[in-house]
1. In terms of modelled amide H atoms, which long-range or inter-chain residues lie less than 5 Å from the amide H of ALA70?
2. Using amide H atoms built 1.01 Å from N in the peptide plane, name the residues 5+ places from ILE65, or on other chains, whose amide H lies under 5 Å from its own.
3. Please work out whether the range 73-127 counts as rounded, prolate or oblate from its C-alpha gyration tensor, where a ≥ b ≥ c are the square roots of the eigenvalues and a/c under 1.5 means rounded, while otherwise a/b larger than b/c means prolate and anything else oblate?
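Derivation of every value follows stated rules applied to the coordinates shown; laboratory data play no part. Fair warning: this is a prediction, and the values are worked out from it, not measured in the lab.
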Amino acid sequence: LPMKLQTLVLGASMAITPVLTFAAGEHDHTPKFGGVVVEAKIGDLEIVAKPELIQIHVRDHGKAIKVDGASAKVVLLNGTEKSEVMLSPAGDKLEAKGAFKVAKGTKGIATVTLAGKPPATARFEVK
């Protein structure tokens, strides 16, 4: 194929891929740990926010991404109250244990920094 046509075909196939992948169900946004799934630059973040535990599971097309050397910060917003929680790697997820003000309707901003990557931010709401 001529170079321009080859580039056009490649560009078109890349533009269609997300739609086909989603339609085929391979790009699953169903929570696997009881949290809320949010798309971010680094992949899908499943944020589990409970009064005693906050976890972030990072996945790329359904596969867990290694969180060795990663860090995360979650800002919890309850009306005018704001609190920050730092998370650190715990196995295949980022986690913080403690006592957190989390209830249905709590809003949050998660900032995840994987080793060697720029920070990725995602907004979420506890359901």
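1. Correct list: ALA115.
2. Excluding prolines and chain starts, which carry no amide H, the hits are VAL58, ARG59, ASP60.
3. Cα axes put the range 73-127 in the prolate bin.
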